[in-house]
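Reviewing the structure listed below.
The values are calculated or read from the model by the stated rules, or taken from the named source; none is laboratory data. These figures come from a predicted structure and were not determined experimentally. Don't worry about glycine lacking a Cβ; one is built from the backbone with ideal geometry, like all the others, and counts go over all protein chains shown.
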Amino acid sequence: MRETSRRSGADTFKLVASWLVVLIPAAWGVSQVVAKAAALFK
Amino acid sequence: MGFLDRERCIAPPGYDRWRVPPAALAIHLSIGQAYAFSVFNLPLSHAIGITTEAPGDWKLSTIGWVFSTAIVFLGLSAFTFGRWLEDAGPRKAMFASATCFATGFFVAALGVQLHSIWLVYLGYGVIGGIGLGLGYISPVSTLIKWFPDRPGMATGLAIMGFGGGAMIGSPLAVALMDHFKSATSVGVVPTFVAMGAIYFVFMMFGVFTVRLPAPGSAPAPAAAVRSVRPPAPDVHVNRAISTKQFWLLWVVLCFNVTAGIGVLGQASPMIQEMFTGRITPAAAAGFVGLLSLANMAGRFLWSSTSDVIGRRLTYAIFFALGALLYSLVPATGRAGSVVLFVAAYAVIMTMYGGGFATIPAYLRDLFGVMHVGAIHGRLLTAWSVAGVAGPALVNYIREFEIARGVPKAGAYSVTMYIMAGLLVIGFIANWLVTPVDARFRFEPDPAGAAARMAA
């Protein structure tokens, strides 16, 4: 099965790259909100 | 354009299914920008006067219809194109979504340049709204097919992106407007053009990387699939909407959204009025941000939990705990406890988001996988109704209470109790959901169906 079979280096790279494409902008957005939310407890 | 065909996005043997959720997230993180449209409200209302409102400038109430139109067309396009999407496949639907969403920005930019509000309505509201609807439902059935062992988690992951889209869209729009504004422009036109282009490219990542599992392949370990509730036998979308289960879920979604969306829209003035003098506008903005985070996190956490405890119990928790917390919120305000107030709302918002994210898996449990995207599209009309009813309910009751002399700090109490009441009705509707009768099952062979009916 896919999850149990060994991934090749190229497959691992594609998997990590795919997630980074969406997680980097998402993390930037979350950091903006967290910075704003900190004002609530100051 | 043959690369958009359904057959061309079938995954090769050994394809890693964990590469599919980022494709769905690329679409949802983009279209989720719609929730951040309000950052354009003030600049658009000064499009002529630049620093202040000038004669001929649009009023905020006029601009407010841009977002409302987009949400209405989200529901309408999800309803209309859901069935087409099942045949066309996710890649074509995502491409159509990206094209509409980007074109919506470009037409809206032209509308601002020519100072024609109708062009802005047509662009962002109608064309962009169609892109929202197509994009919202396009990855749902694909993810359910890839993750038969974790359908709640998979669709929750994508729909979490829609909740998070505003977190990217809002600061991005602010940064672009700051960059483009000048003494003679508020910078909205180039910002719309830039955002249309940026989102189109980002959504193309989803278009090119989305894959469907090969027919007959087993995307998940068989043991894992056996351990979860199996999907129901397939029901055709046209038959699904004639079942009581569809309409019970429509009520479930509508009331869960109504209870959350009204408060979400009024969160900033509400916390400032309930804790007068203690909460600054900046702190209130932080409260709104915190609710957005809770909304986003709840989409993933609750939908994943539903894979373990079941959808019916998950929604029962939403409605029971939600009603309890709404009933307690006025008391936290009277006690002057900001922490308890914020905590109660954060939990409520996780369940608001969780309600959106868990519904596709609930539909899959009841109506099977075959037309789950199309059925989901039709169910989203509940969102359109709630999107109008929720804010109207909160605003109207608040104004009514203030008009009859209730202090602003206490003007929200009745609203909270009504929201709790709505959730009790949702609880009952959810509890009445039972498996779909066998007579509604899809029968590829009409003769077989007739025989079954006769029997």
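Does residue B:133 satisfy being within 14 Å of chain A (Cβ to nearest Cβ) and not aliphatic (A, V, I, L, M)? So residue B:133 does not fit the description; no.
For the range B:14-32, the criterion of being within 19 Å of residue B:121 (Cβ to Cβ) and among the β-branched types (Val, Ile, Thr) is satisfied by at least one residue. In the range B:264-285, what residues are of a type in the set (A, V, I, L, M, F, W, C) and within 15 Å of residue B:410 (Cα to Cα)? The answer is B:267, B:270, B:271, B:274, B:275. For the range B:262-294, residues that are in contact with a Gly (Cβ under 9 Å, 6 or more places away or on another chain), more than 11 Å from every other protein chain (Cβ to nearest Cβ) and closer than 13 Å to residue B:346 by Cα total 2. Taken over the range A:9-30, the criterion of being at the interface with chain B (Cβ under 7 Å from one of its Cβ atoms), more than 15 Å from residue B:165 (Cβ to Cβ) and not hydrophobic (A, V, I, L, M, F, W, C) is satisfied by A:11, A:14, A:18. For the range B:5-32, filtering for residues that are part of a helix (DSSP H, G or I) and buried (at least 17 other Cβ atoms within 10 Å of the Cβ) leaves 16. Across the range B:195-207, the qualifying residues are those that are among the small types (Gly, Ala, Ser) and buried (at least 20 other Cβ atoms within 10 Å of the Cβ), and the one among them that is farthest from the other protein chains (Cβ to nearest Cβ) is B:196. Restricted to the range B:347-447, the set of helices (runs of 4 or more DSSP H) holding at least 1 residues that are within 30 Å of residue B:233 (Cα to Cα) and free of Cβ contacts under 8 Å to residues at least 40 places away in the same chain comprises B:413-431. The residue pairs whose first member lies in the range B:329-340 and is over 9 Å from residue B:413 (Cα atoms), whose second member is part of a loop (DSSP other than H, G, I, E, B) and β-branched (Val, Ile, Thr), and whose beta carbons are closer than 8 Å, counting only pairs six or more residues apart or on different chains, are B:338/B:279. Out of B:210, B:126, report the one residue that is aliphatic (A, V, I, L, M) and more than 14 Å from chain A (Cβ to nearest Cβ). When all the criteria are applied, what remains is B:126.
Condition check for residue B:397 on (1) over 26 Å from residue B:232 (Cα atoms); (2) modelled with pLDDT of 90 or more: one failure, at (2). Taken together, B:185, B:138 contain a single residue that is surrounded by fewer than 19 Cβ atoms within 10 Å (Cβ to Cβ) and of a type outside the set (Phe, Trp, Tyr), which is B:185.
The condition of being on the phi > 0 side of the Ramachandran plot and either at pLDDT 90 or above or not β-branched (Val, Ile, Thr) (or both) does not hold for residue B:353. All conditions but one from (1) touching a residue at least 12 places away in the same chain (Cβ under 8 Å); (2) in a loop (DSSP other than H, G, I, E, B); (3) within 30 Å of residue A:14 (Cα to Cα) apply to residue B:57; the one that does not is (3).
Here B:96, B:36, B:88, B:26 are screened, and the one residue that is within 14 Å of chain A (Cβ to nearest Cβ), more than 22 Å from residue B:116 (Cα to Cα) and out of contact with any Asp or Glu (no Cβ under 7 Å at 6 or more places or on another chain) is B:26.
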